[in-house]
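Student: To start, I am sharing the structure in question, which I have written as structure tokens.
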Amino acid sequence: MSSSPRVDARAISVHRRRVFRGLEVVSFIHSLVYLGLLLCAFALGGPQPETLVLGLTHGLMWIGMSIACLIAVRLRIVPLRLAVAVAVPGGIGPFFGSAEFIRESRRRAP
């Protein structure tokens, strides 16, 4: 027996919410890594290897988040506006993406 389309639609909806929430959490972690990089580079005088590790982490997270958000747009999990906020200004400040996730979460709230 196959499951009803209603159950499948509900399962897909739950999956999309989980993926959105996961991307949102990673976006906030990315913002914290970037904040740490800024503090390390400017307030602490750029000690090595800490600045290198935080910079590399930021760069890799930005690439990963950009790709993940573009895929999520294609799967209709996140709107294009959110993906653009992560991918375009996210390289120089992931706070834009985190702010857009907050905005989108509030828009989706009942």
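Student: Output the residues belonging to region 29-60 that are under 10 Å from P94 (Cα atoms) and among the β-branched types (V, I, T).
Tutor: Hits for region 29-60 are I29, V33.
Student: Which members of region 52-83 meet the condition of being over 18 Å from V19 (Cβ atoms) and either modelled with pLDDT under 95 or hydrophobic (A, V, I, L, M, F, W, C) (or both)?
Tutor: L52, V53, L54, L56, L60, W62, I63
The values are calculated or read from the model by the stated rules, or taken from the named source; none is laboratory data. If you're wondering where the values come from, they're calculated on a predicted model, not measured in any experiment. Positions of Cβ are backbone-derived with ideal geometry, glycine not excepted, and every protein chain shown enters the neighbour counts.
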